[in-house]
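Accompanying notes for the structure given below.
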Amino acid sequence: MSPTQQATRMKCLLGTWNCRIATALVQFGTIVLLCHVGLAAEKQPFGPRFPRLDSHATGQWWQPRGKMKARLLVPRDQVVAFAVYTHHRGVLKLTAQLFPLMPEEPRTVRLEFRKGEQWTEVARARVHELGWSAHFRIENWDNTRNVPYRVRFGPRASFEGLVRRDPSHKDVIVVGTLSCNSRRTPGPRAQIVANLKHQDPDLLFFAGDQSYHHTQHTFGWIEWGMQFRDILRDRPVITIPDDHDVGQGNIWGENGKQAATAAGSGGGYFYPARYVNMVQRCQTWHLPDAFDPTPILRNIGVYYTNLRVGGIDFAILEDRKFKSGPRGKIPKLGPRPDHINDPKYDRAAIDLQGLKLLGQRQLTFLDNWSQDWTDTRMKCVLSQTAFCGAVHLHGSPKNRLLADLDCNGWPQAGRKAALEAIRRAWAPHICGDQHLAVVVKHGISRPSDGPYSFTTPAIVNTIYGRWWQPQPQRAGINPLPDSPLPWTGEFLDGLGNQIRMLAYANPTDRTDELKRADGYGIVRFNKTKRTVTFECWPRFVDARKGDTVQFPGWPLTFSMHENDGRKPTGWLPELHFPTTKSAVVQVIDEKTGETLYTVRTASNRFRPPVYSPGPFTLNAGPDRPTVYRARSLAPVARDDKTTISVKFRDGLGGR
């Protein structure tokens, strides 16, 4: 028998182990077979403690279980479910999501690009058997052209889409933002997809809870992808997992430690690191490379990074991963460690030294990100949840809480540090998670001195509804003029954080899908006017009818500079940049060492506002504030005629 025949016979004998021949060598008349046992075929790929974890896509997943048919078994020409991608700094990253493969099927997918009428294969990728995803990285990507792509598996299965050119030519960049895709209402999301096709966003942001199937992420992720595949296929997509995606009701990641329960209030991740990493690989591999890829405890990966689309630079945060859990660290002040309903509780007493929110690694990232304005006109921060507790009623209209420690309003010192970092870039914040759409203007040290934030509604709001309903039921100080909503204005949330409520979309009847406040958000960045517009669309409306069918209180528009709401006490001399259309300016308070802001100017003239007597250091440059420096500047009156002329030549700046 020839060596090839012997190898083929051995493959047949080992077939029940789902082995595949990697290499067959003849050494001294003996065949050495390098065999890989497929992870998905392991009976318990996540260990004996969790034998059923992701079981709809592992083990003998294709076999019926009692009366239940295999949930992910599809015709083999439909195995490629969908794809998601981004491109950034000359690198295209694309994830192809497959339905589970049969033991005898190959584990390779192909990526092809079309030029004219000709399809050309450009890369092949191995399929990860846990999660059934495959990943492509294409270097030296030309982002100035549209490129049709298709992902192919076997002779017949494929998924086609378009890698869009970067929309830098557009004046207004449009972002669709969604979260919280409840499994209690399965089936298509037809009207949302139709509306998004009409609104044609340049970027899609899914802020978390794409799946509520907790222990069956592959099923839930594929379900989500099939619901949205027709809008995912032809534009960049940001997806970030939240608590339900990794199988927890809430999560305080606490640097990756092992959580005691799936409730998670003691901090950490409950399910095995292999499961968490599978979720993150499926949902975030296609994002630009992480700012600092160093894993956390138990070798759980990180993905916080940034993505530039059309001149808007988006910081993508993981606001759960490093956050401290409340249980065992603060007194229990309500029915759960994370729920407070004791009216006598001391808000300052739970803001303990050493508690973390974003963690130092992400604050360092934000500091670096805020100073780099290469190819950038405006900035924005994306994360899972809100930096305040803009909710009063939780789960039902009868359950009023003072505070929910799942939100980023706690710990308060961590919130302050995060919002100060966001404010330095004059950036708004967009998130999901709360099942209640709101727009707030944050207060950090004083009312409304921080950035704007848009928490978008749940796609399907059938799990844990929430309501904004202050007591007494009346507007706060400084209510929004002409708002159709009765309870706008300045408030303290239950953690003592200052917010100005600008819009909210309470459910009116959660038993009626038309009145649950299901929906999604649209955000428009106008680069010429330097404005941001928040739109909030109910799930079942026809967006072609215009703004009148948005939730009452929307749309809302504000200027980029209003994300810094501090009131200037003076101004530095006017800056003039005669050799460039705009520049990046940074102002540092020399007395405190605080960086007040680092922003791109709207034109070649800019008068920097300041908020104390100073003195101040001023740094400037074409894309980073590293070329020109002036120290010991004192504030002047706003109508002062002093001008500092700064010319950038060959990397040098001069007056």
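The values are calculated or read from the model by the stated rules, or taken from the named source; none is laboratory data. Since the structure is predicted, the reported quantities are computational estimates derived from the model, not experimental observations. When we count neighbours, we look across all protein chains shown, and the Cβ atoms used for this are built from the backbone with ideal geometry, even at glycine. Surface accessibility is based on the protein's heavy atoms, side chains included, excluding ligands, DNA and RNA. Shrake-Rupley method; radii C 1.70, N 1.55, O 1.52, S 1.80 Å.
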Check: Taking into account only those residues within the stretch 195-213 that are among the acidic types (Asp, Glu) and under 16 Å from the mean Cα position of the chain (by Cα), which is nearest to VAL381 (Cα to Cα)?
Finding: ASP202
Note to self: Can you pull out every residue in the stretch 387-434 that is more than 18 Å from LEU596 (Cβ to Cβ) and acidic (Asp, Glu)?
What the structure shows: ASP404, ASP406, ASP433
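Among residues belonging to the stretch 612-626 that are in contact with a Phe, Trp or Tyr (Cβ under 6 Å, 6 or more places away or on another chain) and open to solvent by 40 Å² or more (accessible area, probe 1.4 Å), point out the one that is farthest from PRO428 (Cα to Cα). Please lay out each step first, then the result.
Filtering the stretch 612-626 for residues in contact with a Phe, Trp or Tyr (Cβ under 6 Å, 6 or more places away or on another chain) gives 620, 622-623.
Now restrict to residues that are open to solvent by 40 Å² or more (accessible area, probe 1.4 Å): 622-623.
Numbers: PRO622: 23, ASP623: 20 Å.
Going through the qualifying residues, I end up with PRO622.
Please verify whether ASN506 is touching a strand residue (DSSP E or B) at 6+ places or on another chain (Cβ under 8 Å) and under 18 Å from VAL439 (Cα atoms), treating the condition exactly as stated.
Criteria met by ASN506.
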Margin query: For the list (1) exposed (fewer than 15 other Cβ atoms within 10 Å of the Cβ); (2) part of a helix (DSSP H, G or I); (3) at pLDDT 50 or above, I need the number of the one condition that CYS12 fails.
Written below: (3)
Notebook entry, point to check: Only one of (1) buried (at least 20 other Cβ atoms within 10 Å of the Cβ); (2) touching a residue at least 60 places away in the same chain (Cβ under 8 Å); (3) under 20 Å from GLU318 (Cβ atoms) is not met by LEU366, so which one is it?
Noted result: (2)
Notebook entry, point to check: Residue check, HIS435 against (1) open to solvent by 10 Å² or more (accessible area, probe 1.4 Å); (2) over 19 Å from the mean Cα position of the chain (by Cα); (3) in contact (Cβ under 8 Å) with a residue 60 or more places away in the chain, all met but one. Which one?
Noted result: (2)
Check: Would it be correct to say that VAL391 is in a strand (DSSP E or B) and open to solvent by less than 20 Å² (accessible area, probe 1.4 Å)?
Finding: no
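Output the number of residues of the stretch 78-100 satisfying the condition of being more than 30 Å from SER168 (Cβ to Cβ) and open to solvent by 60 Å² or more (accessible area, probe 1.4 Å). Even if it seems obvious, please write down each step before you answer.
First, the residues of the stretch 78-100 that are more than 30 Å from SER168 (Cβ to Cβ): 78-81, 98-100.
Retained after the next criterion (residues that are open to solvent by 60 Å² or more (accessible area, probe 1.4 Å)): 78.
Matching residues across the stretch 78-100 total 1.
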Notebook entry, point to check: Looking at GLY59, GLY116, GLY66, GLY47, which is the one that is over 28 Å from VAL246 (Cβ atoms) and among the small types (Gly, Ala, Ser)?
Noted result: GLY116
Notebook entry, point to check: Which strands (runs of 3 or more DSSP E) sit wholly inside the stretch 127-221 and have at least 2 residues that are open to solvent by 40 Å² or more (accessible area, probe 1.4 Å) and touching a residue at least 12 places away in the same chain (Cβ under 8 Å)?
Noted result: 147-153, 157-163
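Given the stretch 461-516, what strands (runs of 3 or more DSSP E) lie entirely inside it while holding 2 or more residues that are of a type outside the set (Val, Ile, Thr) and open to solvent by 30 Å² or more (accessible area, probe 1.4 Å)?
Working: elements: 465-467, 489-492, 498-505.
By residue number, 489-492, 498-505.
Could you list all residues from the stretch 577-605 that are assigned to a strand (DSSP E or B) and open to solvent by 60 Å² or more (accessible area, probe 1.4 Å)? Spell out how you get there, then give the answer.
Just the residues of the stretch 577-605 that are assigned to a strand (DSSP E or B), to begin with: 584-589, 595-600, 605.
ARG605 - this is the single residue of the stretch 577-605 that is assigned to a strand (DSSP E or B) and open to solvent by 60 Å² or more (accessible area, probe 1.4 Å).
When you look at ILE251, is it at pLDDT 95 or above, in contact with a Gly (Cβ under 6 Å, 6 or more places away or on another chain) and either surrounded by fewer than 23 Cβ atoms within 10 Å (Cβ to Cβ) or part of a loop (DSSP other than H, G, I, E, B) (or both), yes or no? Break it down into steps so the answer makes sense when it comes.
Numbers: at pLDDT 95 or above: yes; in contact with a Gly (Cβ under 6 Å, 6 or more places away or on another chain): yes; either surrounded by fewer than 23 Cβ atoms within 10 Å (Cβ to Cβ) or part of a loop (DSSP other than H, G, I, E, B) (or both): yes.
Considered against the rule, which asks whether it is at pLDDT 95 or above, in contact with a Gly (Cβ under 6 Å, 6 or more places away or on another chain) and either surrounded by fewer than 23 Cβ atoms within 10 Å (Cβ to Cβ) or part of a loop (DSSP other than H, G, I, E, B) (or both), ILE251 comes out as yes.
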Next item on the list: Return the only residue of PRO609, PRO538, PRO552 being surrounded by 16 or more Cβ atoms within 10 Å (Cβ to Cβ) and either under 21 Å from ILE192 (Cα atoms) or without any contact (Cβ under 8 Å) to a residue 12 or more places away in the chain (or both).
Entry: PRO538
Check: Any residue in the stretch 511-532 that is at pLDDT below 95 and either of a type in the set (Val, Ile, Thr) or under 30 Å from VAL646 (Cβ atoms) (or both)?
Finding: yes
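For (1) surrounded by fewer than 20 Cβ atoms within 10 Å (Cβ to Cβ); (2) in a strand (DSSP E or B), each residue gets a yes or a no:
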residue: ALA348; (1), (2): yes, no
residue: GLY354; (1), (2): yes, no
residue: GLN362; (1), (2): no, no
residue: THR374; (1), (2): yes, no
residue: PRO397; (1), (2): yes, no
residue: CYS407; (1), (2): no, no
residue: GLU420; (1), (2): yes, no
residue: ILE430; (1), (2): no, yes
